1. Could you line up B:M103, A:M212 from fewest to most neighbouring Cβ atoms inside 10 Å?
2. About the Cα centre, and with charges only on the beta carbon of Lys, Arg (+1) and Asp, Glu (-1), how big is the dipole of segment A:236-318? Nearest 20 debye, please.
3. Quick one: what does P(r) look like for chain B with 5 Å bins over all Cα pairs, in whole %?
4. Among the lysines, select those whose C-alpha is under 22 Å from the C-alpha of A:K42, and discard any that sit fewer than 8 residues away in the same chain.
5. How do A:T265, B:T210 line up, fewest other C-beta atoms within 10 Å first?
6. For segment A:74-81, what does the Karplus curve 6.51 cos²θ - 1.76 cosθ + 1.60, with θ = phi - 60°, yield as ³J(HN,Hα) per residue in whole Hz, taken in order and with x for Gly and Pro?
7. For the Cα atoms of chain A, what angle does the longest principal axis make with the long axis of helix A:136-149, in degrees from 0 to 90, nearest 10?
8. Please give the FRET efficiency for A:D352 paired with A:A127, using the beta carbon to beta carbon distance and R0 = 56 Å, rounded to the nearest 0.05.
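What follows draws every value from the coordinates through simple rules; no lab data is involved. Treat the numbers as computed from the prediction; the structure is a model and nothing was measured. Quick reminder, even Gly has a Cβ in these numbers, built from the backbone with ideal geometry, and neighbours come from all protein chains shown.
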Amino acid sequence: MSYLSISNVTKQFGDTVVVDNFNLEIGKGEFVSFLGPSGCGKTTTLRMVAGFENPTSGKILLDGADITDKAPNQRNVGMIFQSYALFPNMTVAQNIGFGLKVRKEADAVVKQRVSEMISLINLEAHANKYPYQLSGGQQQRVSLARALAIRPQVLLLDEPLSALDAKIRVSLRSEIRSIQKSLGITAIFVTHDQEEALSISDRIVVMNAGEMEQVGTPFEIYNFPKTRFVANFVGSLNTADAEVVDTAKGLVSVDGVQFTSAEGTKGRNKGDKVKVAIRPERFSFATQQHKDNVVDAIIENITFLGSVVRIQIKIGNTSFNMDTFNNPFLELPKIGSKQQVTCSKEAVLVLDE
Amino acid sequence: MKFLNRLRKFPFLAWLWFLLGALYFVLPLLATFEFSLSWDPAVPFKAYQRAFEDVRFWRSFIASNVFAVITIIACIILVVPTAYWIRLRLPQARRIVEFITLMPFVVPAIILVFGLIRVYSTPFTIPFTNIVFMQALTQFKAGTNILIVAGYMVLAMPYMYRSVDTGMRTVDILTLTEAAQSLGASWFVIITRVILPNIRSALLSGALLTFAIVVGEVILASFLGVNAFGPYLFLLGQHRAYEPAALSFVSFLLTWIAMGMIQLVTGGQNQTAGGH
């Protein structure tokens, strides 16, 4: 059963529609990420759940109660901001206890909950420090503890890791996920970083220009993108102009080179112009065991990216990227040489042009 | 060689301007101080002794201090929520409000006081009736006190508004407000426990400037017939020579102490807000 329900929510600023007919059901304890480029409406949707923006139309229900018109301080929703938003005049402990004091909880309860939260974020030694005395990662952990201290029904995270450096981002996102799981709290996480969304979420909502493009698990979003936007936005993707050759066999042609797609070309006709999308890691050098989609390619360039080696190949007249894992014994082909490469039928996605 | 290099790098011109500036401000003060001591060489602080013995000095000084405190409180109640709301919800109104706050620089105090006297020297009646709902404020002491505080608030507004607005610019008012709201705080709690403590140095500097303006103000108090410190000092200067010099020096000293307090408090807060 849905715990948070966002139904037909639209938000307009003047004539501009920022969020258009957004519908989403989120289960209790679920971690959902809103993923999309800047200006796609993900933060506005989050702010409507928090109560900082009022929907132009639509409803938001939390545990069956209509909270659409409730003030932010009446919603019992915790929020974490990109800029931490810690109160500079308060210590770590005072920041964490602020929400409880506002709710007029007994001093003993405040003290106990603050202590619990400080242990949860492992900042026992910093309880009496002011925000300016903490690093960015520590400040964001305090912000998380402060939001969790009030035991909110939903935790909203508005790009909480964007202001942190790469290493801390990775460690903090794991920490956020593990705390969320251990407390069983429902969470919505806004990000424009696909890696973050893929690694942390139960489900991802990919948004574009105020609309939902696709909702699914990270596995579904990455492996089975339903629209060209999702395919392009999530992960690296090779796209090429193609033409439907045989609808029964799912055959498409890229510059005369034929590829078979497992999903087929249903609903299309022979000669239709389409786009073929193949992720770089789905290509590999062909061996004698390979039967499907074995095609000739010319090696154009090789780029070393650390754990991955990116090889630029030319199939027909179109350039594709092929990613292969790096290892010390990897034998790389020479630039300009001709090789046979392959990809599975499942790797070939046929999208509208 | 090293000494010559250092000498070459020494900013002579900057120091020259600094010294000239310092002389410009310090010399008159020193002269006033020296003059205040010259009444009776046998009793150097005679002027101070006489000034402090005068009961009218204490009466006017205390009255001005009370007015200053009331003005500061009233200004904070008026200006803080206004500046906060403009930053939060009405940024487009900022230029208009800034223009309004600059009006006291354009409209002289004498015009202000005549305006106040003209408007508030007749009783207010309900339109189209003879029913009086407010007596003329100039007719009774409390009313005059209200008028003078209102006048002081107008005079102090540019300083108080700008101090508060600058203070609010240094903290992320919008995000702090939203963070507090999401934690369940009401507007009153947000203003008193989140906003005010984070702009306390700005408030203090605005308050001290207001204090200085009110304590030294002459025109409003003279025309409204209020026994304040400004008119007292002015009258004293008309009849005596040494006491006004002594009191002027004391006033300077008080201002400097106030400025020192601003530095102390501001320094403390800069550290608190620095890491934000």
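1. B:M103, A:M212
2. It works out to roughly 200 debye.
3. The calculated distribution, bin by bin, is 1, 5, 9, 11, 12, 13, 13, 11, 9, 7, 4, 3, 1, 0, 0, 0, 0, 0, 0.
4. Correct list for A:K42: A:K11, A:K28, A:K59, A:K70, A:K226.
5. So the residues, fewest neighbours to most, are A:T265, B:T210.
6. Those phi angles translate into 10, 9, 6, 10, x, 10, 10, 9 Hz.
7. Orientation of helix A:136-149: about 60 degrees from the principal axis.
8. For A:D352 and A:A127, the calculated efficiency is 0.50.
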